[in-house]
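What follows is calculated from the coordinates using simple rules that are stated; it is not laboratory data. This one's a predicted model, so the numbers in the text were calculated from it and none came from an experiment. Neighbour counts are summed over all protein chains in view; Cβ atoms, including those assigned to glycine, are modelled from backbone coordinates with ideal geometry.
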Amino acid sequence: MKLLVVINFMVLAYTVNGKVKIDRIEQCDDHTNYKIKFSSHLKEEGGVQLVGGILKTDMEVGDNVENDVDVYSLENGEYKFLVNVKETWCNVLHNYLGDFGYDMQKSAGISPGTCPLPPGEYSIKDHPLDFSKFKYRDVPKGTLKIKSSMIDLKTKEKVGCTEIEFTISAE
């Protein structure tokens with residue numbers, strides 16, 4: 001996967017007082033040429049979900065980029081809006097993801113805790129998703145969707161976007 005997915009898992013970091021299964025993670029607006037782009041894939045081995053993918057960023061990403069996150073809950077077959085959260089990339093890494101994010105950075109060849117992230121291409125292969133390491137753990141059980149728009153705080157330009165669907169069930 002890559003650091004973008006790392007960061008967006010940071011956003012997903014609103015979770016984990018139960019078993020988490022990522023159902024889908026992808027770039028929004030697939031054909032848009034964002035400054036922050038990624039591709040990813042998920043698989044399961046031995047009951048553990050693994051993620052792989054690539055993050056390519058044409059810009060430094062840190063406190064200059066805000067994650068504008070909408071969280072939805074699946075109710076009666078429809079996603080209903082729950083909350084909007086706005087946090088900078090670095091705040092998400094340090095205050096929400098914690099060790100979960102740092103482990104993903106390490107898998108991508110990035111020193112854990114690094115923020116801002118320099119421009120470049122980062123890849124992760126078969127990284128186990130251990131949600132017990134999320135720093136922030138207060139998320140409702142059920143099927144949720146997160147749409148994270150990454151906004152350049154200086155220009156107000158949308159520089160990236162990801163959508164993640166996941167299910168949290170009792171352990």
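General observations
- Remark: for residue pairs 56/80; 37/141; 21/80; 21/158; 37/158; 56/147, the C-alpha separation exceeds 23 Å in 56/80; 37/141; 21/158.
- Cβ-derived FRET efficiency at R0 35 Å, residue 85 paired with residue 111, nearest 0.05: 0.85
- Amide hydrogen neighbours beyond the local backbone of residue 61, cut-off 5 Å, H modeled: 117
- Separation of the residue 59 and residue 155 label points, Cα + 7 Å toward Cβ, nm: 0.5 nm
- Descending Cα extents along the principal axes, segment 3-169, whole Å: 38, 33, 30
- The packing ranking of peptides 19-27, 43-51, highest mean first, is 19-27, 43-51, where packing means the average number of other beta carbon atoms within 10 angstrom of each residue.
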